[in-house]
Amino acid sequence: VNKRDLPRRWEKEEIAKRLPGKTVVYISALQKVAIDELEEKILASVLHRQDLEMPAVMISNLRHVQALKSCVLAVSGARALLDQGVSFEFVSEETKRAIHDLDRITGRNVDEDLLERIFSEFCIGK
């Protein structure tokens, strides 16, 4: 809860009632009060998965959706090859394909056709 330097609009009991079982930290971003405590609570929550709820992920970029679908197919293919006892060389090719698909999303590996689409759709450099 920010603005702990101002009069409270909600009491601790009201917040606890609205957020049962959740950790509440009172800070003042303006005065930089209790920021360390907030960082510690966030770190503890992430590292120990306390109070961590994973929201559903929404992918709105069609290119990313296609890359993720291709990645899932490659991972499934690698898993199937492992289950069949096929040589690791073949499994590694599927794994490389999955990594390549993820790299297309992160920008680590940019295809020429993607660059061409970007430059054709956007006015860059004027």
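The values are calculated or read from the model by the stated rules, or taken from the named source; none is laboratory data. Everything numeric here is computed off the predicted structure, so don't read it as measured data. Glycine gets a Cβ as well: all are built from the backbone with ideal geometry, and neighbour counts include every protein chain shown.
Scanning the range 3-42 for residues that are among the basic types (Lys, Arg) and part of a helix (DSSP H, G or I) turns up Lys12, Lys17, Arg18, Lys41. Checking each residue in the range 81-107 for being under 27 Å from the mean Cα position of the chain (by Cα) and of a type in the set (Gly, Ala, Ser) picks out Ser92, Ala98, Gly107.
Quick one: would you say Ser70 is within 24 Å of the chain's Cα centre (by Cα) and of a type in the set (Ser, Thr, Tyr)? If you could, list the steps in order and put the result at the bottom.
Details: within 24 Å of the chain's Cα centre (by Cα): yes; of a type in the set (Ser, Thr, Tyr): yes.
When the stated conditions are applied, Ser70 passes them.
Looking at Ser45, Ser60, Ser120, which one is surrounded by 14 or more Cβ atoms within 10 Å (Cβ to Cβ) and either modelled with pLDDT under 90 or part of a loop (DSSP other than H, G, I, E, B) (or both)? Break it down into steps so the answer makes sense when it comes.
Numbers: Ser60 fails: surrounded by 14 or more Cβ atoms within 10 Å (Cβ to Cβ); Ser120 fails: surrounded by 14 or more Cβ atoms within 10 Å (Cβ to Cβ).
Going through Ser45, Ser60, Ser120 in turn, the sole match is Ser45.
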